[in-house]
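A quick write-up on the structure given underneath.
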Amino acid sequence: VPTEGAPGAGAEVAESPFRPRPPIGDDIAEEALRCGEIEVLGRMPWSSNATFLVDVRHGDLLLQGVYKPARGERPLHDFPPGIYRREAAAWELARHLGWGLIPPTVVRDGPLGEGSIQLYVPCDYDQHFFTLRDDPQHVAALRRLAAFDLVANSTDRKAGHVLLGDDGDVWAVDNALCFHHQFKVRTVIWDWGGEPLADALLADLDRLVRDGLPEALAALLDPFERDAVLTRAAALGEDGVLPIDPSGRRIPWPLL
């Protein structure tokens, strides 16, 4: 209870709209996001496009999601309309590689029209890339994310887009500005430039290049973007190391 002179004295503290939840399997989460009933709880702050926290109810299961409808997108000069589809494409790429990192994300109709809905990740919002990068238990996941962003061609990997979930896993959100056919990488994750990729990651990249894009991912991209994903994956696999940014300019702004 707030006391006189303390911040918030005389006023009720607003209850957080975010709910904790136990871990959930990707397939179960995906089915719920794709088929469940959606209720908009409110607009998410600090988003350049219209982004909403939603409840998704599917049978006895109740989840929270992040809903980004197409009608809430601001026009961009370097990406076509429909960037919400790239949120789902990022999930499909990460799932095919077996790398985790991206919460389950689907494209579907919602209360404000078609858009993406991503499983909400309960997390500590005081944590981000810059607070996690020196922790040995997270280095492998962050290096994997650096490789993912190169293959996906992430143009906006801010530190605040890297979350530490309550489950202890590293998650990457806000993936709409990915998959351009021209190389446009901008990321804060350059810490391991020049260091070799793990053999397991190289094997995953080789499998992607050899087998091609899965149908679910290919359906979300145009032909030039599909080819570019495979070209970037092949180049990273052949180099075998995470690249260095000699210009020092391939970073997003703001950094957080």
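The values are calculated or read from the model by the stated rules, or taken from the named source; none is laboratory data. Treat the numbers as computed from the prediction; the structure is a model and nothing was measured. Cβ sites come from the backbone with ideal geometry, for glycine too, and all protein chains shown count toward neighbours.
Does at least one position in segment 22-39 carry a residue that is of a type outside the set (A, V, I, L, M), modelled with pLDDT under 95 and either crowded, with 16+ Cβ neighbours inside 10 Å or more than 20 Å from Ala216 (Cα to Cα) (or both)? There is at least one residue in segment 22-39 that is of a type outside the set (A, V, I, L, M), modelled with pLDDT under 95 and either crowded, with 16+ Cβ neighbours inside 10 Å or more than 20 Å from Ala216 (Cα to Cα) (or both).
The residues listed here are Ala146, Ala152, Ala228, Ala233; of these, the one that is surrounded by 19 or more Cβ atoms within 10 Å (Cβ to Cβ), touching a Ser or Thr at 6+ places or on another chain (Cβ under 8 Å) and under 26 Å from Ser116 (Cβ atoms) is Ala146.
Candidates in segment 157-184 are the residues that are surrounded by fewer than 20 Cβ atoms within 10 Å (Cβ to Cβ) and acidic (Asp, Glu); of these, the one that is nearest to Tyr125 (Cα to Cα) is Asp166.
State whether the residues of segment 186-196 include one that is within 16 Å of the chain's Cα centre (by Cα), in a loop (DSSP other than H, G, I, E, B), surrounded by fewer than 21 Cβ atoms within 10 Å (Cβ to Cβ) and touching a residue at least 40 places away in the same chain (Cβ under 8 Å). Among the residues of segment 186-196, at least one is within 16 Å of the chain's Cα centre (by Cα), in a loop (DSSP other than H, G, I, E, B), surrounded by fewer than 21 Cβ atoms within 10 Å (Cβ to Cβ) and touching a residue at least 40 places away in the same chain (Cβ under 8 Å), which makes the answer yes.
Of the residues making up segment 40-63, those that are out of contact with any Pro (no Cβ under 8 Å at 6 or more places or on another chain) and either more than 14 Å from Ser116 (Cα to Cα) or not aliphatic (A, V, I, L, M) (or both) number 16.
If you go through segment 76-98 and keep only what is hydrophobic (A, V, I, L, M, F, W, C), surrounded by 18 or more Cβ atoms within 10 Å (Cβ to Cβ) and farther than 16 Å from Glu30 by Cβ, you end up with Ile83, Leu97. For segment 76-104, filtering for residues that are in contact with a helix residue (DSSP H, G or I) (Cβ under 8 Å, 6 or more places away or on another chain), assigned to a helix (DSSP H, G or I) and closer than 22 Å to Gly65 by Cα leaves 8. Among the residues that make up segment 114-127, is at least one of them assigned to a loop (DSSP other than H, G, I, E, B) and either small (Gly, Ala, Ser) or touching a helix residue (DSSP H, G or I) at 6+ places or on another chain (Cβ under 7 Å) (or both)? Scanning segment 114-127, I find no residue that is assigned to a loop (DSSP other than H, G, I, E, B) and either small (Gly, Ala, Ser) or touching a helix residue (DSSP H, G or I) at 6+ places or on another chain (Cβ under 7 Å) (or both), so the answer is no. Screening segment 86-128 for residues that are touching a residue at least 12 places away in the same chain (Cβ under 8 Å), among the acidic types (Asp, Glu) and out of contact with any Ser or Thr (no Cβ under 7 Å at 6 or more places or on another chain) and picking the one that is farthest from Phe179 (Cα to Cα) gives Asp124.
Tell me, please, whether a residue that is touching a strand residue (DSSP E or B) at 6+ places or on another chain (Cβ under 9 Å), closer than 20 Å to Trp192 by Cβ and of a type in the set (D, E, K, R) can be found in segment 137-151. Yes, segment 137-151 contains a residue that is touching a strand residue (DSSP E or B) at 6+ places or on another chain (Cβ under 9 Å), closer than 20 Å to Trp192 by Cβ and of a type in the set (D, E, K, R).
Looking at segment 199-213, which of its residues are surrounded by 14 or more Cβ atoms within 10 Å (Cβ to Cβ) and assigned to a loop (DSSP other than H, G, I, E, B)?
Selection gives Leu213 alone.
Residues in segment 56-75 that are in contact with a Leu (Cβ under 8 Å, 6 or more places away or on another chain) and either buried (at least 22 other Cβ atoms within 10 Å of the Cβ) or of a type in the set (A, V, I, L, M) (or both): Val56, Leu63, Gly65, Val66, Tyr67. Of all positions in segment 107-123, none carries a residue that is crowded, with 21+ Cβ neighbours inside 10 Å and farther than 21 Å from Ala32 by Cα.
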